[in-house]
1. Compute the distance in nm between two label points, each set 7 Å from the Cα along the Cα-to-Cβ direction, one at L360 and one at R119.
2. Can you tell me the Rg and the Dmax, both Å, for the Cα atoms in segment 231-312?
3. Can you give me the accessible area per residue for segment 300-378, using a 1.4 Å probe, in Å²?
4. Rounded, prolate or oblate: pick one for segment 276-326, where a ≥ b ≥ c are the square roots of the eigenvalues of its C-alpha gyration tensor, a/c under 1.5 means rounded, and failing that, prolate if a/b is larger than b/c, else oblate.
5. Under a point spin-label approximation (7 Å from Cα along Cα-to-Cβ), what is the F55-E101 distance to one decimal in nm?
Amino acid sequence: MSVEETTTRPEPEVRATAGGPAGQSAGSGDDRLRPVWQLARTMILSVLRDKGTIFFLLIFPILFLLLFGTLFKTSGTSHIEVAQLGDVQVLDELRGAQREEVTKAATITRVDNEADALRQVREGDYDALVMQDGGKVVLRYSAADSVKAASAQAALNSLLERANLAATGQPPTYTLEATQVQDDSVKPIQYLTPGLLGWAIASSSVFSSALTLVTMRRRKILQRMRMSLVRPWEVVAARIAMTMAMVLVQTALFLLVATLPYFGLQLSGSWWLIVPLVVCGTLPLMSLGMFIGSVTKTEESAGGLAQLLVLPMSFLSGAFFTLDSAPSWVQAVSYLMPLRYLVKGGEQVLSRGGGLVDVLPSMGGMLLFTAVVTGLTLRFFKWNDA
């Protein structure tokens, strides 16, 4: 066989559409999703190459969990420091179990000078000063720490009630038995984890979605995608896939750290519902980030708008503290924020033993929110800054 014959022999015909392998039709599902997976893979790789992004999106929230988990590792009434001036009969007559019970809640130190003791109460060295004036027990406290002041009053009232009952010799008509509705295995970490996880997901979803979209537009990446026949829904779907991968890693890390023996998060019942709940909760938060990225033109404006949204939403959604004592209008506003439902749903499945029925309405509401905001995102989506 000659060289000419070898070089001019026709190759077998290979047909591929939209980057698909040979033999696939243009309408196959794999061909339609291939650009989505390629875009998602590109976005994931861009995040993995940026160590700063990995730190702030994955490591930084875990550090918050470690900090809060350590600070609130133990719960209970605050231990108070009480100064006792002179003889106080109700305290001096404590014996056995009663004295042991009091010493668990308070450290009582005898003092001789009233003026000096009051000064120390004002300065915070003591939480209260107790003394006896005839048949009256006087408690002096500072308003600087209302929690410890209330603890001192409650402890002293309890002792006085017992002393009065003992003096009359009559048993009480009614008695109170107070027990915790959760068992002893419930620890503060089971309430900290859902809130901090929700805040972490909100931060990563909103910020990364907004900044990535603006950056891709400014660097003309979106414009090149448009020339390659990539459609807007494919860009959105790729961003969803990338964000989902990131928040599921966040969730796994949170649960891994929180379930360490040191913190003691107990997983029981339908705890696995946290996964679909996180998926449903991420979608509206990510859609907000995509909307911000669609209406802003620079990374600075996108970051500022995202911060303006995420920080108030985190506080008003109960991610850091409960809203039970907040004004009614604040609670009403919180119902408009998707993060509230993610946090409350997380508490249901991780802390209160809730099931699918308890979180299904929240999941449905978050998906509806997602549909509305995603529609707005597609409406304002821009391929370039023009």
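1. So the label points at L360 and R119 sit 6.8 nm apart.
2. For segment 231-312, the Cα-based Rg and Dmax read 16.1, 49 Å.
3. Numbers: 4030 Å² over 79 residues.
Accessible area per residue, segment 300-378: 51 Å².
4. Because a/c hits 1.5 or more and a/b fails to exceed b/c, segment 276-326 counts as oblate.
5. 5.3
The values are calculated or read from the model by the stated rules, or taken from the named source; none is laboratory data. The model shown is predicted, which means the values in this text are computed figures rather than measured ones. With ideal geometry, Cβ positions are generated from the backbone for all residues, glycine too; neighbour counts draw on all protein chains shown. We work out accessible area using only protein heavy atoms, side chains counted, and drop any ligands, DNA or RNA first. Shrake-Rupley method; radii C 1.70, N 1.55, O 1.52, S 1.80 Å.
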